[in-house]
Amino acid sequence: MSKLSLSSPIVSADWLRENLNASNLLIFDASMVKVTAQNENVSSEVQLPNTQFFNLKGRFSDLSSDFPNTIPSASQFQEEARKLGVNSDSAIVVYDDKGVYSSARVWWLFKTFGHANSAILDGGLPAWIEQNYPTEPKGNNSKPKGDFKAVFNPDRVTYFKDLDVLSQSEKHTIIDARSAERFRCEVPEPREGLRSGTIPNSKNLPFERCLVEGKLKPKEELVRLFNSVTPKNNTLVFSCGSGLTACILDLAAEVADFKQTKVYDGSWTEYGTLKP
């Protein structure tokens, strides 16, 4: 079967079913627990055919960092991706068991490290199961080591040291993906010991507003959402609690044709800890 080239950052369950046997397709399950979850059913007993688990909080985070979900080095990302069989020509589809949640972070990582031929499964595992498409018991489908070469794009990431300038810039809009209640400091942060607050001059666009029934809203609705919080030509800087759901906004912005975007990797966990 011919090799896949992904032209969109999202694919449907129907599309994936039709292309399941493509020679260069790799499928990753990036499911993880929501930080705000209360006794949530964490994971499913099944996975898509030929899936590998993408260990976002372990192998694909900088575990030496003081903060969660920190982006790894290019060498670490490259080595761990190669272990999953990622080649330079791989077409990567990522999903999670929430719909659109942690899969967006994986898509963002691959794009940030130079692999644009990647997408998320819109609606995730629930959308696949809803169509009665084939699944298999959870397991490990190992692949031969790949030849992927990571090339870090620094324009995709913002750091703590940049925030004082960016928060005063008329050409940048900092957009916070946390809930309105957390943004307004009406409820405590879910991470114990982390103070409530917001980055100065940031706007609030809760990531859930970009979704409907676990899938991204249509492009036209996403355009309206972003236009309600930022001038069209600004560079968008996305933040959240720890850099995870900020990537959902980054994904939605790409679908809405906002091309100048960054993710503040440390997000509020870092900012609220380091800023007096």
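Only one of the numbered conditions (1) over 27 Å from Phe258 (Cα atoms); (2) in contact with a Lys or Arg (Cβ under 6 Å, 6 or more places away or on another chain); (3) of a type in the set (Val, Ile, Thr) is violated by Val187, and that is (2). If you go through the stretch 1-19 and keep only what is at pLDDT below 95 and either within 19 Å of Leu125 (Cβ to Cβ) or not polar (S, T, N, Q) (or both), you end up with Met1, Lys3. Of the set (1) within 14 Å of Val11 (Cβ to Cβ); (2) within 16 Å of the chain's Cα centre (by Cα), all apply to Ala91 but (2). Scan the stretch 136-176 residue by residue and report those that are more than 22 Å from Asp265 (Cα to Cα) and touching a Pro at 6+ places or on another chain (Cβ under 7 Å). The answer is Glu136, and nothing else.
Residue by residue, here is whether (1) loosely packed, with under 15 Cβ neighbours inside 10 Å; (2) within 20 Å of the chain's Cα centre (by Cα) holds:
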residue: Ile71; (1), (2): no, yes
residue: Ala81; (1), (2): no, yes
residue: Asn87; (1), (2): no, no
residue: Phe113; (1), (2): no, yes
residue: Leu121; (1), (2): no, yes
residue: Asn141; (1), (2): no, no
residue: Ala150; (1), (2): no, yes
residue: Val165; (1), (2): yes, no
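If you scan the stretch 66-84, which residues turn out to be charged (D, E, K, R) and at pLDDT below 95? Of everything in the stretch 66-84, just one residue is charged (D, E, K, R) and at pLDDT below 95, namely Asp66. Note on the stretch 152-162: among residues that are in contact (Cβ under 8 Å) with a residue 60 or more places away in the chain and within 21 Å of Gln76 (Cα to Cα), the one that is surrounded by the most Cβ atoms within 10 Å (Cβ to Cβ) is Thr158. Scan the stretch 95-140 residue by residue and report those that are among the polar types (S, T, N, Q), at pLDDT 95 or above and either in contact with a helix residue (DSSP H, G or I) (Cβ under 9 Å, 6 or more places away or on another chain) or within 12 Å of Asp29 (Cβ to Cβ) (or both). Hits for the stretch 95-140 are Ser102, Ser103, Thr112, Asn117, Ser118, Gln131, Thr135.
Restricting to the stretch 109-153, what's the tally of residues that are part of a helix (DSSP H, G or I), closer than 16 Å to Glu254 by Cβ and touching a strand residue (DSSP E or B) at 6+ places or on another chain (Cβ under 6 Å)?
Adding up the residues that qualify gives 1.
One residue stands out among those in the stretch 222-270 that are modelled with pLDDT of 95 or more and among the basic types (Lys, Arg): the one that is surrounded by the most Cβ atoms within 10 Å (Cβ to Cβ), which is Lys262.
The values are calculated or read from the model by the stated rules, or taken from the named source; none is laboratory data. Just so we're clear, the structure is a prediction, and the values are computed from it rather than from any experiment. We place every Cβ from the backbone using ideal geometry, glycine too, and count neighbours over all the protein chains shown.
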